[in-house]
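The values are calculated or read from the model by the stated rules, or taken from the named source; none is laboratory data. Values in this document were obtained by computation on a predicted structure and should not be read as measured data. Positions of Cβ are generated from backbone atoms using ideal geometry, with glycine treated the same way; all protein chains shown enter the neighbour counts. To get the accessible areas, we keep the full protein, side chains included, count just its heavy atoms, and leave off ligands, DNA and RNA. Shrake-Rupley method; radii C 1.70, N 1.55, O 1.52, S 1.80 Å.
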Amino acid sequence: MIIFSTHSLVKSEQRNIRKELVVKAVNKPDYEFKGRGDRRIVYKKFSRIYLKVIFRKESKNIIIITQHWDKTFKP
């Protein structure tokens, strides 16, 4: 199950990012990396721009921490 943190919901609204796009990025990323601590970072390209999503796993759940649009891919 994918759970959106309060922070991620606020940022989605501010950055005009639909939940469906975040779910798609997490389920089928173009790139995936280890982040700080237990976090994971994924990138998914939509048209000419990348969606960067930062999340962590808690047992069977995926907790979305934040997301934002990025013009270039930066591993």
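The residues in segment 57-75 that are in a loop (DSSP other than H, G, I, E, B) and over 18 Å from MET1 (Cβ atoms) can be counted, and the count is 5. Is it fair to say ARG40 is in contact with a helix residue (DSSP H, G or I) (Cβ under 9 Å, 6 or more places away or on another chain), open to solvent by 90 Å² or more (accessible area, probe 1.4 Å) and at pLDDT 95 or above? No. Take VAL23 and tell me if it is open to solvent by less than 40 Å² (accessible area, probe 1.4 Å) and either of a type outside the set (Ser, Thr, Tyr) or at pLDDT below 95 (or both). In short, no. Look through segment 1-20, keep the residues that are in contact (Cβ under 8 Å) with a residue 40 or more places away in the chain and outside any helix (DSSP H, G or I), and return whichever of them is least open to solvent (accessible area, probe 1.4 Å). Looking at residues that are in contact (Cβ under 8 Å) with a residue 40 or more places away in the chain and outside any helix (DSSP H, G or I), I get ILE17. Within segment 32-56, track down each residue that is over 10 Å from the mean Cα position of the chain (by Cα), closer than 19 Å to ILE2 by Cα and not charged (D, E, K, R). Result: PHE33, GLY35.
Residues in segment 44-73 that are open to solvent by 40 Å² or more (accessible area, probe 1.4 Å) and more than 17 Å from ARG15 (Cβ to Cβ): ARG56, LYS57, GLU58, SER59, LYS60, ASN61, PHE73.
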